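I have placed the structure first, in the form of structure tokens, so that the comments after it can refer back to it.
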């Protein structure tokens, strides 16, 4: 902390508050920049996009989850998820006949990891187009995102289990 210049006690307290507040804000900004959720990773779209022959939303959900894993391979959490996962986000996604994401609604937000929700929504939108639902005119599916503190995720649809 810098040396306190000579000043009246009231001004000194205000100066100290300013120094502490500035330090707190700088620390929060530094933590936000280091957070894996500050910026979504760039998607790696496959060269060809196969359509989904799903007849139901549950079947389509598996195809969409596989596509998300293919688009973000470095963010997929391998193996079993820890019992105390960092955040759980439940989303409902609407997809048109061409596989474009029309809407993403968050049905359940994490209790404390608020930075994860916009990150998950950005991942879904960044993965668009999803596999076109060939037998459905539109698809609406719900999936649960299990997110680790490291910025990796598993989808409940394709989870490898929990420890």
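Using 0.36 nm per residue and subtracting the Cα-Cα separation, the extra length available between residue 137 and residue 17 on full extension is 37.3 nm.
For segment 56-91, the residues whose amide N sits under 20 Å from a probe point set 7 Å from the Cα of residue 100 along the beta carbon direction are 64, 68.
For segment 127-163, the residues whose backbone nitrogen is under 17 Å from a point 7 Å from the Cα of residue 83, taken along Cα to Cβ, are 161-163. Scoring 152-160, 72-80 by mean Cβ neighbours within 10 Å over their residues and listing the highest first yields 152-160, 72-80.
Expected output is a single nm value to one decimal: the length gained when fully extending between residue 122 and residue 38, i.e. 0.36 nm times separation in residues minus the C-alpha distance. What is it?
On the way: separation 84, 0.36 × 84 = 30.24 nm, distance 1.09 nm.
That pair, residue 122 and residue 38, stretches by 29.2 nm at full extension.
Going 7 Å from the Cα of residue 107 in the Cα-to-Cβ direction, what parts of segment 123-151 have a backbone nitrogen less than 17 Å from that spot? So the set is 124, 139-147.
Rule-based calculations on the coordinates, nothing more; no lab input. Just so we're clear, the structure is a prediction, and the values are computed from it rather than from any experiment. Positions of Cβ are backbone-derived with ideal geometry, glycine not excepted, and every protein chain shown enters the neighbour counts.
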